[in-house]
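Have a look at this one.
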Amino acid sequence: MLRYEEARLVVIAQTRALKHTTKVEKLAVADALGRVLAQEIRADREYPPFDRSTRDGYAVRSAEATQGATLRCAGEIKAGDRVSVPLVPGTCIQIMTGAAVPSGTNAVVMIEFTRREGDAVSFERGTRAGQNIVPRGSEAHAGDVALQSGLRLGFAELAIAAQVGAVELLCAKKPRVAILSTGDEVVPVTEKPGPFHIRNSNSISLAAQVRLAGGEPVLLGNAQDRTGDLGAKIEQGLKEDMLVLSGGVSMGKYDLVESVLQAMGAEFFFDAVAIRPGKPAVFGRCRDTFVFGLPGNPVSSMVTFQLFAVPVLDVLSGAPPRPLPLLEATLTEALNEKPGLTHFLPARLEWQGSSVRVAPVCWQGSGDIAALSRANCFLVVPADRQDIAAGEKVSVLPRADVL
Ligand code: AMP
Ligand code: MG
């Protein structure tokens, strides 16, 4: 059985191996948060476009503005002012943050280190050449690549695009992800369940996970545990870039997902991973659609989606797969888990001063959504560690949505 790290590598390799063209669309820069850039963006001019003061103070020649020296203030420059006159030797010019320094200037002295009486400015501290000035072109030159194709756009990337005037961005279309739950006991969330029925919470959580990961969920509802209904609904799902099924992948008599997919020509890359929860997770491809069969227990489907499905969305969007954002924390209480499987236990990560601590949350197993809602991470217990003592360092996978 694959370890979860190996299963992730299989997912990434198989997704990369399928030749696909990423569909693209143009978006206003303000609407492109979280999207993957499908073009290169270059700087339209030098950045900064002029030698820029980073402080409110006085533009000086550093050799003249020594400690104790006094210079006559010959004027002022505000941010946005056109600067045409040079700094005359023996003088200084009052300058504001973001303004262009006049020629002849090689430093700006912060106003906090000066005293002014009339036109006379005296300096309480000396300065050195270059202080508080960012030279023209030192951040980027005209024509430099400011943003690479394949980059996921966060707030800093959007700000750069805006800075260089790229008001429309060619982005990968969000991969479309069909979500299909299975089970005779599952009813739509809008319906009142019978005494032995449950509401389809997996479709809601999986759609949220798809959105968070940068995909477009396509909700196909629920299929009964019968080959006919399952086959017809899977057929619909195969129209999308990816299909995520929940339930029906365990050893039960009515767990039909794998056999139905097989009959439709699916190729499987794995059908079990050495983890708990989530061991029966299935990954394969049917025609040109990647298919996950995730176990139906809600926490299992959440863990396996975060571990294995997110990299597919990255690769289909033309982005490098995001690594798992594992953290290290100090365990607050001793653990004893069955060896052989890597456990992902709902837990709470807490920061106390400079120490990061993690405490497992009491839970009833992989059906216990309430426990997960009290957790903000998964505590990762390695397969070869049966006992972990309080105070030991452990690995933690933050929940992608709340941390
Ligand atoms: P299965 O993987 O089909 O054996 O289902 C395992 C458990 O998950 C069972 O207790 C199911 O009732 C539950 N389950 C299956 N599908 C869903 C769903 N869509 N929403 C919530 N729970 C589900
Ligand atoms: Mg089932």
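Give the lysines whose C-alpha is closer than 24 Å to that of K253, dropping any in the same chain fewer than 8 places away, or say none.
Result set, ordered by chain and number: K233, K279.
I would also like to ask the following. To the nearest 20 debye, what charge dipole does the chain have about its Cα centre, counting +1 at the Cβ of each Lys and Arg and -1 at the Cβ of each Asp and Glu? Walk me through the numbers on the way to the answer.
On the way: 43 positive and 44 negative charges, 66 e Å.
Result for the chain is approximately 320 debye, rounded to the nearest 20.
Based on the Cβ-Cβ distance from T21 to F50, what FRET efficiency comes out when R0 is 41 Å, to the nearest 0.05? Working shown, then result.
On the way: r = 43 Å, r/R0 = 1.04.
Taking R0 as 41 Å, the efficiency between T21 and F50 is 0.45.
With r defined as the distance between the Cβ atoms of M110 and R226 and R0 fixed at 56 Å, what FRET efficiency is calculated, to the nearest 0.05? All intermediate terms of the calculation are to be shown ahead of the outcome.
Working: r = 76 Å, r/R0 = 1.36.
Working from the Cβ atoms, E equals 0.15.
Projected onto the charge dipole of the chain (+1 at Lys/Arg Cβ, -1 at Asp/Glu Cβ, origin at the Cα centre), which of F305, G367, A389 gives the Cα projection farthest towards the positive end?
F305
Residue by residue through the stretch 378-390, what is 3J(HN,Hα) from phi via Karplus (6.51 cos²θ - 1.76 cosθ + 1.60, θ = phi - 60°)? Round to whole Hz and write x for glycine and proline.
Using θ = phi - 60°, the values come out as 10, 8, 9, 9, x, 4, 9, 10, 7, 10, 10, 7, 4 Hz.
If you count only protein heavy atoms and use a 1.4 Å probe, how large is the accessible surface of R226, to the nearest 10 Å²?
Only protein atoms counted, so the area is about 130 Å².
Using heavy-atom solvent-accessible surface (probe 1.4 Å) with all chains present, what is the largest-first order of V109, V145?
Working: V109 5, V145 60 Å².
In descending accessible area the options line up as V145, V109.
Right, next: Based on the Cβ-Cβ distance of V85 and R322, what FRET efficiency does E = 1/(1 + (r/R0)^6) give at R0 = 60 Å, to the nearest 0.05? Intermediate values should be presented prior to the final figure.
Working: r = 52 Å, r/R0 = 0.87.
Step by step, r from the Cβ atoms, then E = 0.70.
Order S354, S103, S84, S300, most accessible first, counting only protein heavy atoms with a 1.4 angstrom probe.
Working: S354 120, S103 75, S84 100, S300 5 Å².
My answer, sorted largest first, is S354, S84, S103, S300.
Moving to a separate point now. So how exposed is E191, as accessible area in Å² (1.4 Å probe, rounded to 10)?
So the heavy atoms of E191 present about 90 Å² to solvent.
Over the heavy atoms of V83, what accessible area does a 1.4 Å probe trace out, to the nearest 10 Å²?
So the heavy atoms of V83 present about 50 Å² to solvent.
Quick one: order M302, M251, M242 from most to least accessible surface, probe 1.4 Å. Write down the numbers at each step before the final one.
Working: M302 30, M251 185, M242 0 Å².
Ranked from most to least accessible, the order is M251, M302, M242.
Between the stretch 100-134 and the stretch 203-239, what is the C-alpha centre distance in whole Å?
Distance between centres, Cα-based: 65 Å.
Here's something else I'd like to know. Any chance you could list the semi-axes, whole Å, largest first, of the equivalent ellipsoid that the Cα gyration tensor gives for the stretch 186-297, using √(5λ)?
Working: eigenvalues 83, 57, 47 Å².
After scaling each eigenvalue by five and taking roots: 20, 17, 15 Å.
How far, in nm, would the chain grow between S149 and A272 when pulled straight, counting 0.36 nm per residue and subtracting the alpha carbon separation? Numbers along the way, then the final one.
Numbers: separation 123, 0.36 × 123 = 44.28 nm, distance 3.48 nm.
Full extension from S149 to A272 adds 40.8 nm.
So what is the relative contact order of the chain, in percent, for Cα pairs below 8 Å that sit 6 or more residues apart? Intermediate results must be reported in sequence, preceding the final value.
Working: 938 pairs, mean separation 62.8, N = 403.
16 percent.
Using the Cα centre of the stretch 1-123 as the reference point, and only Cβ charges (+1 on K/R, -1 on D/E), how large is the resulting charge dipole? Debye, rounded to the nearest 20.
Working: 17 positive and 15 negative charges, 114 e Å.
Using Cβ point charges on Lys, Arg, Asp and Glu, the stretch 1-123 gives about 540 debye.
How large, in Å, is the chain by the Kirkwood hydrodynamic radius built from its alpha-carbon pairs? Could you put the intermediate results ahead of the total?
Numbers: mean 1/r = 0.0396 Å⁻¹.
Averaging 1/r across every pair of different Cα atoms and inverting gives 25.2 Å.
The values are calculated or read from the model by the stated rules, or taken from the named source; none is laboratory data. Just so it is clear, the model here is predicted, and its values are computed rather than measured. Because the Cβ atoms are built from the backbone with ideal geometry, glycine has one as well, and the counts that use them run over all protein chains shown. Remember, those area values only see protein heavy atoms, side chains included, never the ligands or the DNA or RNA. Shrake-Rupley method; radii C 1.70, N 1.55, O 1.52, S 1.80 Å.
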